Structures are given as structure tokens and as C-alpha cells.
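Enquirer: First the structure, then my questions, so here it is.
The values are calculated or read from the model by the stated rules, or taken from the named source; none is laboratory data. Because the structure is predicted, anything quoted here is derived from the model rather than measured. Here the Cβ positions follow ideal geometry from the backbone for every residue, glycine too, while neighbour counts run over all protein chains shown. Accessible surface areas use protein heavy atoms only, side chains included; no ligands, DNA or RNA. Shrake-Rupley method; radii C 1.70, N 1.55, O 1.52, S 1.80 Å.
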Amino acid sequence: MGDKEKKKKDKKSSNGDRVTLKKEIGLLSACAIIIGNIIGSGIFISPKGVLEHAGSVGLSLIVWVCGGGICALGSMCYAELGVTIPKSGGDYSYVTEIFGGLVGFLLLWSAVLIMYPTTLAVIALTFSNYVLQPAFQDCLPPYVATRLLATICILFLTWVNCSSVRWATRIQDVFTVGKLLALVLIIVVGLIQICRGHYDALRPSVAFEFSQEPSVGQIALAFLQASFAYSGWNFLNYVTEEVVEPRKNLPRAIYISIPLVTLVYTLTNIAYFSSMTPEELLASNAVAVTFGEKLLGMFSWVMPISVALSTFGGINGYLFTSSRLCFSGAREGHLPHLLAMIHLKNCTPIPALLVCVSAALTVLPTLSRFTHNLINYVSFINYLSYGVTIAGLLYLRKKRPNLVRPIKVSMLIPITYLIFWAVLLGFSLYSEPVVCGLGMVIMLTGVPVYFVGVHWKDKPKCVYQLVERVTYIGQKVCYVVFPQQDLSETEPLTASKATD
């Protein structure tokens with residue numbers, strides 16, 4: 001940081017002003033962040049992939065219910081970690097605290113390089129496709145139009161997130177309610193169909209007729225498809241430092257949100273099968289739109305608009321949380337220090353937001369369409385991160401037994417999750433060795449980057465001068481400073497280190 005910036009920061013401190021992340025996320029907003037990040041484009045795309053790999057309607061519904069149950073187990077473990085290590089950054093912060101810098105950096109590397117930019121770009125592209133769908137009913141929307149609208153959407157929400165944490169959380173609250181209403185519409189229409197006797201595909205004798213011979217590998221891939229729709233259940237842990245009373249509201253939000261989403265997802269899939277045969281669902285590229293066209297008649301335009309609103313909220317949620325991951329990584333010294341700074345007045349991590357957006361906009365033009373291989377790839381990396389993090393919970397129990405734990409889950413919960421995790425990843429790797437193996441390779445490319453960029457401390461003086469100059473210019477352009485950390489939430493953590 002430059003001398004001018006240090007003087008400015010000292011002057012601010014002497015005046016009694018405190019530049020820190022604002023705690024503006026209450027219980028309602030916390031639930032909205034979890035639900036809003038889970039319910040994005042996945043529930044409108046993944047049903048096709050789940051049914052394709054499960055091979056029958058009955059087994060696909062079992063996968064959706066069990067997928068929610070597994071998320072519930074994982075979220076309980078994350079609730080303990082979130083209140084034990086009350087830092088923003090989620091998986092990355094916990095793994096770095098428990099296993100050290102290299103393992104944490106590898107999770108950060110795969111998330112920042114591939115997972116979040118790709119997912120953000122895909123959700124934005126889904127948004128633009130559904131918005132433009134009513135105007136191009138007989139053909140696909142133009143390539144340039146979809147990319148342009150997706151870019152405008154990302155840039156607008158970036159401006160909102162840079163301007164105010166409160167604005168970003170209010171958008172998340174409103175659009176979470178909107179996307180829940182869209183799914184409730186599907187569920188209600190589906191239940192009406194069932195009451196009228198249209199449930200042939202749901203009869204047990206028909207529901208478990210397999211279109212292909214079921215195998216453990218295919219079932220594992222079905223779970224990966226479902227897990228994409230459930231991804232985001234851990235995102236509140238990325239913004240722990242901005243949650244009001246995190247030791248109370250973080251676990252409460254998790255316990256409310258995960259069962260609600262599981263119920264909604266299961267009922268939504270039942271509704272789909274009340275109006276579509278398995279063959280029709282597999283042939284559809286937009287399940288919700290096909291559902292609307294069959295049952296809503298002249299009001300079928302409601303479905304693409306509802307999906308667009310759902311994905312709009314999903315983009316906002318991904319921007320909000322992924323920027324905090326970059327912020328946390330920079331604060332640990334794993335990314336440039338500029339990304340650990342926040343706006344002097346708005347208290348928002350503007351540099352981290354701009355990096356996340358730049359990565360997503362770089363990926364956006366290269367995406368021709370959403371593929372199930374991409375879902376499998378992203379889900380595999382996600383599950384890998386979840387498993388390492390929950391294994392860290394068990395390791396932390398043994399390594400630091402005296403650590404203050406406001407929540408302490410039964411040992412059976414992380415053990416059960418890890419058994420399922422190992423089976424799922426093992427058979428997924430066996431069934432899709434190229435797709436899943438590619439994820440492992442990309443993650444491991446972070447090893448040399450870590451040793452050169454982070455571990456190597458005696459770099460040439462010119463490198464440090466260049467970094468300092470770029471940081472100083474970035475501070476002036478973005479009007480950002482290092483935040484003061486709120487030690488009140490981390491005192492139990494630091495105090496316990498001395499006793500262990």
C-alpha cells in the first residue's frame with residue numbers, strides 16, 4: 001500500500017471512523033441467500049440429466065429426495081464449521097485454517113479459475129435465452145443478442161453489488177420470493193393435473209420401468225446432475241462476517257432453507273411428470289417452457305419469464321458470494337492484496353467483484369450451449385471441495401478438541417456424508433473418467449502456481465515494486481482501503497488456539 005493511502009487510512013482511523021464489512025444480513029436475507037443461490041437455472045435444466053442417468057421416473061425422484069438429504073447432512077457440518085471458524089470464504093477459509101495454505105489455495109484456484117466464472121456465465125446465458133424466448137418462438141434467439149443481454153445483466157448487477165450491500169441483499173430477497181412463486185405455480189398446476197387423474201407416469205408399476213439397465217455408475221452421475229441444482233447450499237458461509245449474529249442466524253438459515261428447497265424440488269419434479277411422459281421430458285431442452293406450453297395455454301409466456309427472474313436472482317447471488325471468496329483469498333495472501341480491499345464509503349469489495357465479473361465475461365463468448373458434461377464437471381469439483389472440507393471437520397475435532405464449538409454435530413453425520421462422498425466420486429470417475437479427470441488435472445495445475453506466486457518469498461525487487469504500483473493505482477481508481485477486522489467474532493477462535 002502506498003504512503004498516501006497509509007496517511008489517508010490513518011487519518012480515517014484517528015477520526016474514529018471504522019472501515020469494515022457491514023453486518024446487514026439478517027435471518028430473512030440469510031435464508032434468501034441460500035435459497036436464492038440454490039434455486040437458479042438447475043431445477044429447470046437438471047431434471048433431464050437426472051432422468052437420463054437414473055433410467056426411470058421413480059428412481060429419479062428418489063435421487064432428488066436423497067440429494068436434498070445429503071445436502072442437509074453437509075449443511076449441518078458447515079453450520080458447525082461456520083460458527084467455529086467465523087470467517088468469510090466458506091470452504092476455502094475452513095480448509096486453509098485446518099490443512100494449511102496449499103490445500104486451501106487449490107480449492108480457491110479451481111473455484112476462481114473455472115467453477116464460478118463458468119457457472120455465472122451459464123446462468124447469465126440461461127437468463128438471456130429465456131428472456132428472448134417469447135420474441136423468437138419459432139427459432140433460437142440470435143447468438144449476439146443472447147451474449148449482449150447476458151453481459152448487460154452481469155454488468156448491471158455488478159454495479160448494484162459495488163454500490164451497496166443492502167441493495168444486493170434486497171434484490172436477493174425479492175427475487176428469491178419470485179422464483180419460489182414460479183415453482184409454486186408449477187407445483188399447483190401439477191397437483192391439479194394429478195387430482196384430475198393425470199398421473200400415469202407416477203404409478204409405481206410405470207415409474208420403475210427402466211429405459212436402461214441401472215448401474216451404480218449411472219446412479220452416481222444422476223446424483224451429480226441433481227447436485228448441480230442443489231449447489232449453493234453452502235454459500236451463506238462465504239459471507240459469515242456480514243451476517244448479523246452469525247452464531248445464531250447461520251445455522252437457523254441452513255435448517256430452514258435446505259428442507260424447504262428439497263420439498264420444493266421434489267414436488268416440482270412430480271409436477272413435471274404429471275403432464276409430460278419421460279420421453280417428452282428427455283426430448284425437451286427447456287423443461288419448464290414445455291410444461292407451460294402444455295398446460296398454461298395463452299399464459300405459457302409466464303414460464304420463460306419466471307425462469308428468467310429466477311436466473312437473474314441466481315446471478316446476483318453468485319456475484320455476491322464469489323466476490324467474498326476472492327476477498328478472503330486475498331486477505332490470506334493467496335491473491336493480490338488489492339482484492340482484499342473495500343470501498344471507503346460503501347464498504348463493498350469492488351476489486352474482487354470486478355475480477356469475478358471479468359472472468360465470467362471472458363468465458364461467456366466461448367459457451368455455445370449448456371452441456372450435461374459441464375454439469376458433471378462442475379458438480380465433481382464441487383463435491384470434491386465439500387468432501388475435503390467435511391474431512392477437515394473430523395481432523396479439527398482430533399487436532400484441536402478444546403476449540404470453542406457453539407454447535408457440535410454428531411460424528412455420524414460427517415462420517416455418513418464422507419462415505420456417500422467417496423462412493424459417489426469413485427463411481428463418477430469410473431463412469432466419466434475424461435470429464436471428472438479433467439477437473440482433477442485443472443485443480444492440480446494450481447500447485448506450481450502456489451509455490452511460485454505464494455510460497456516463494458524472495459522474488460526480485462522489481463516484482464514487488466510492480467505489484468505495489470498496480471495496487472496503488474487500483475486503490476485510487478476504486479477508492480478502496482484495507483478493512484478493519486471485527487475481532488469480536490473471532491476472539492473464541494484465537495483464544496482456543498492458546499489452550500490447544
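Enquirer: Classify the range 110-167: rounded, prolate or oblate, from the alpha-carbon gyration tensor (a ≥ b ≥ c, eigenvalue square roots; a/c under 1.5 rounded; otherwise prolate if a/b is larger than b/c)?
Expert: oblate
Enquirer: Return the whole-Å distance between the Cα centroid of the range 398-424 and the Cα centroid of the range 203-268.
Expert: A separation of 19 Å, based on Cα centres.
Enquirer: With +1 assigned to the C-beta of every Lys and Arg and -1 to the C-beta of every Asp and Glu, and no other charges, what is the dipole magnitude of the chain about the Cα centre in debye, to the nearest 20?
Expert: 1780 debye
Enquirer: Rounded to whole Hz and in sequence order, give me ³J(HN,Hα) for the range 203-215 from the Karplus expression 6.51 cos²θ - 1.76 cosθ + 1.60, θ = phi - 60°, writing x for Gly and Pro.
Expert: Along the range 203-215, the couplings run 5, x, 5, 9, 4, 9, 7, 8, 7, 8, 5, x, 9 Hz.
Enquirer: Let me ask something else about it. Go ahead and run the numbers for FRET between ALA135 and LEU296, Cβ-Cβ distance against an R0 of 22 Å, rounding to 0.05.
Expert: My answer for the efficiency is 0.75.
Enquirer: Let me ask another. Pull out the extension gain between ILE152 and TYR430, defined as 0.36 nm times the separation in residues minus the alpha carbon to alpha carbon distance; nm, one decimal.
Expert: Additional length available on full extension: 96.0 nm.
Enquirer: Separate question: ILE192 to LEU102: extension gain in nm, 0.36 nm per residue of separation minus the Cα-Cα distance?
Expert: Working it through step by step, the gained length comes to 27.0 nm.
Enquirer: If each residue of separation counts as 0.36 nm, what is the full-extension length gain between THR277 and SER410 once their alpha-carbon separation is subtracted? Show your work: numbers first, answer last.
Expert: Numbers: separation 133, 0.36 × 133 = 47.88 nm, distance 4.20 nm.
Contour length minus the Cα-Cα distance gives 43.7 nm.
Enquirer: Keeping every protein chain present and rolling a 1.4 Å probe, give me the accessible area per residue for the chain in Å².
Expert: Value returned for the chain: 41 Å² of accessible area per residue.
Enquirer: Only Lys, Arg, Asp and Glu count, each charged at its Cβ (+1, +1, -1, -1), so figure out the dipole size of the range 202-301 about its Cα centre, rounded to 20 debye.
Expert: That gives a dipole near 340 debye.
Enquirer: Follow-up. Please report the spacing between the Cα centers of the range 128-160 and the range 278-314 in Å, no decimals.
Expert: Cα centroid of the range 128-160 versus Cα centroid of the range 278-314: 16 Å apart.
Enquirer: Additional query: I need the per residue convex hull volume for the range 143-225, using only the alpha carbons, in cubic angstrom as a whole number. If you can, show how the numbers build up before the last one.
Expert: On the way: hull volume 16.6 nm³, N = 83.
Expressed per residue, the convex hull around the Cα atoms of the range 143-225 is 199 Å³.
Enquirer: Could I ask something else about it? I'd like the orientation of helix 246-275 relative to the chain: the angle between its Cα long axis and the longest Cα principal axis, in ° from 0 to 90, rounded to 10.
Expert: 20 degrees
Enquirer: Roughly what angle does helix 101-110 make with the longest principal axis of the chain, taking Cα atoms, 0 to 90 degrees, to the nearest 10?
Expert: Between the helix axis and the principal axis of the chain, the angle is about 50 degrees.
Enquirer: Next question, about the same structure. Can you tell me how the chain classifies by the Cα gyration tensor, rounded, prolate or oblate, using a/c under 1.5 as the rounded cut?
Expert: The shape class here is prolate.
Enquirer: Just want the answer: with Cβ charges of +1 for Lys and Arg and -1 for Asp and Glu, which residue in ALA168, LEU132, CYS195 is farthest toward the dipole's positive end in the range 107-201?
Expert: ALA168
Enquirer: With a ≥ b ≥ c taken as the square roots of the eigenvalues of the C-alpha gyration tensor of the range 307-449, please select rounded if a/c is under 1.5 and otherwise prolate if a/b is larger than b/c or oblate if it is not? Could the numbers behind the result be given before it?
Expert: Details: a/c = 1.76, a/b = 1.13, b/c = 1.56.
Oblate, since a/c reaches 1.5 and b/c is not below a/b.
Enquirer: Okay, moving on. Place the peptides 390-399, 67-76, 223-232 in order of packing, highest mean first, counting for every residue the other Cβ atoms within 10 Å and averaging per peptide. Please report the intermediate quantities before stating the final value.
Expert: On the way: 390-399: 17.0, 67-76: 22.2, 223-232: 26.9.
Going by the mean number of other Cβ atoms within 10 Å, highest first, we get 223-232, 67-76, 390-399.
Enquirer: Related question: Report, to two decimal places, the Cα Rg of the range 179-336 normalised by 2.2 N^0.38 Å (N = number of residues). Each step should come with its number before you reach the end.
Expert: Values: Rg = 19.4 Å, N = 158, 2.2 N^0.38 = 15.1 Å.
That works out to 1.29 for the range 179-336.
Enquirer: For helix 3-14, report the angle its Cα long axis makes with the longest principal axis of the Cα atoms of the chain; keep it between 0 and 90° and round to the nearest 10°.
Expert: 90 degrees
Enquirer: Do the sum for the chain: with -39,500 (n - 2.57) for every DSSP H run of n ≥ 4, divided by all residues, what is the mean residue ellipticity at 222 nm, to the nearest 500 deg cm²/dmol?
Expert: Numbers: 22 runs with 353 residues, N = 500.
That comes out to -23500 deg cm²/dmol.
Enquirer: For a quick protection proxy, order the peptides 42-50, 420-428, 343-351 by their average other-Cβ count within 10 Å, most packed first.
Expert: The most tightly packed comes first, giving 42-50, 343-351, 420-428.
Enquirer: Something else now. Percent of accessible area on the range 71-125 owned by carbon and sulfur, 1.4 Å probe?
Expert: 79 percent
Enquirer: Near the amide H of PHE208, under 5 Å away, which other amide H atoms are found, from residues 5 or more places off or on another chain, if H is placed in the peptide plane?
Expert: Hits under the 5 Å cutoff: GLY58.
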